[in-house]
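First the structure, in the form of structure tokens, and then the observations on it.
Laboratory data are not the source of any read-out in this text; all were calculated from the coordinates shown. Every value quoted in this text rests on a predicted model; they were computed, and no experiment measured them. Using ideal geometry, Cβ is built from the backbone for each residue, glycine included, and neighbour counts are taken over all protein chains shown.
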Amino acid sequence: MPLLSRFTLPPTPPFKRPHDLLYASNELPPAVPLAGLALQHVATALALIAYVLASAKIGGLDSEATRSMVTATILGMAISTFLQSWGGRFGSGTLLVNIPDPLLVVISGTVAAEFGLGGLVLVGIVNGAVALGAGYIVPRLRAVLPPSVAGIVVCVAGISLVAPALTHMSDMDSAGAMNVYDVIIGLVTLGIIMGLSIWGSQRVKLFALLAGLIAGVILAALLGELEGVEQLAHTPVFGLPRLPAPAFNVDPGVLIAVALLALMTQLDTFGCVVLLHKMNDADWRRADMNMVGGGIRANGLGNLLASWLGAYPSATSSANIALTHISRSTSRWIGLAAGLLLALTAFLPQVSLALTLTPTAVIGAVEVYAAAYLIVSGIELIASRAMDSRGIFMVGLSFIAGTGVMFLPSLANLAPESFRFLAENGIIVAGLTAILLNLLFRLGTAQRARLVLDAQKTRAEAAQDIVTFIEAQGAAWNARRDAVRRAALAALEAAEAIQTSPERRIHEVHGSFDEFNLDIELLYSGPALVLQAKPAAGAPALLDVDDQAFEAALDQALSNVSQVLLRHMADKVASGKRGENSYLRLHFDH
């Protein structure tokens, strides 16, 4: 792709390339894989235009208005998708594809029923403006939005997909009866996607989802389950969205509801950006809030621009993240190509309509894979941090709150009527609960801690107390598990190095933490540990010295070993005197 290679994309944070990726974030795939992967993302996103069609049906729109609404929505999806991959201030710089926002089906349909497409103009403006504002505020909320909160949102989003995915894949009705043909179609589609993504060659894995979709559609046609093809004959080949006259007299209460839903949607965007960042970086440690802010602003700007065409608002797609995981390709160039293809498709109504005719059972199979991937990914994000009882309660109660309104929808009736639309959504309930509990449990949790060692204990017992102290504080601070583990091992090695001399004895340990730094300091009596390792005597030289010199040389060699280990375990090591005490400080980047 010599033409594309001439373009320079805005820089992203440095990533350590995961070995299992076929095409990493900034790598330009060859033409054929690039086109194939972009087409798969476009097909997956357009299959979910069903949300727009459902909203248009609620609003009672005619076929012409519905077509215009679909065209405008696809354009908005194209703009946001392109911005996401482009990066910079208005984009995350990752392969995130936008789809119609499923949270807004009912409220958008209600507005369209009363005001037509003109009412959607104001809905889109409010949605975009709130997202743009959130994009500048969220990066300042690192303490409020740790990876565990993102993990809860992602995991509950996966759980919320389970019921619709199984319903779509089986065509189950309220009585529990299933369509055998749909079950077969869904299982075959899912089986092909899984089989090719697990056992296929690298090139085959790229097209696992597309192969599953095609196989599912062909099987549906053979079983007589493919419907609506005759609509294509009555659909124009080329079409433009019409500019609706904006309706600015929409009820303020409805606009407040749209604003709140837009804000809640950004929790899902936050989780999606974190997932893509984690997939791109083998050395991932924490959410990059600049990337998160750019991703949220891309959503806002895309919706704001498309709103003047009467578009249905869009949001980031978890199903497309699952496709990224299947293909092991996170290249931003795929997202740019997908954005351009979406823009082209917006003006080809027959193409977009044909994709919306994808059998429900096939979409259900994709949703099953997406649900499985999101659940596991959310658990990984949660488990990346050490947790004490506060963290356990924060995660557990958030899950209970979110899944509670899914399993017992009547619980939402306990909320005031003006907030009932929020209480009915498990993702929103879980996310808000996690944020509030995280804020509550941070009260009384100091970012500095101190341990005074009992002078009556043996040196081995004191070393064990130091390890226990670091592990307990790491959990209270919700620090990364690997950083806490390294700090505990390094402190244990430091204690042994300090106490090799009988003159030294550790009597205090200080710890401090913020989201970027973890520091452990050991205070002890006696001379400071000299960190500049002296050359150890060679084996022949040791044979020619007396016993006392041999013992001193051996102690020096052992000290050198400890110092080398400390420098490998900690990112920085410092030693010196402070008043009557000596100190050894261990610093760990977090």
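Annotations for the structure displayed:
- Taking the criterion of being under 26 Å from Pro527 (Cβ atoms) and among the acidic types (Asp, Glu), the residues of region 469-509 that qualify are Glu493, Glu496, Glu503, Glu508.
- Candidate set: region 484-517, residues that are touching a Leu at 6+ places or on another chain (Cβ under 9 Å) and within 23 Å of Leu439 (Cβ to Cβ); chosen: the one surrounded by the fewest Cβ atoms within 10 Å (Cβ to Cβ): Ser512
- Within region 404-418, one or more residues are assigned to a helix (DSSP H, G or I) and crowded, with 19+ Cβ neighbours inside 10 Å.
- Arg328, sole failed condition from (1) surrounded by fewer than 24 Cβ atoms within 10 Å (Cβ to Cβ); (2) over 29 Å from Trp199 (Cβ atoms): (2)
- Thr358 meets the stated requirement of being outside any helix (DSSP H, G or I) and among the polar types (S, T, N, Q).
- Residues being acidic (Asp, Glu) and under 16 Å from Ala78 (Cβ atoms) - total across region 90-117: 1
- Residue count for region 422-481, restricted to those that are touching a residue at least 40 places away in the same chain (Cβ under 8 Å) and among the hydroxyl-bearing types (Ser, Thr, Tyr): 1
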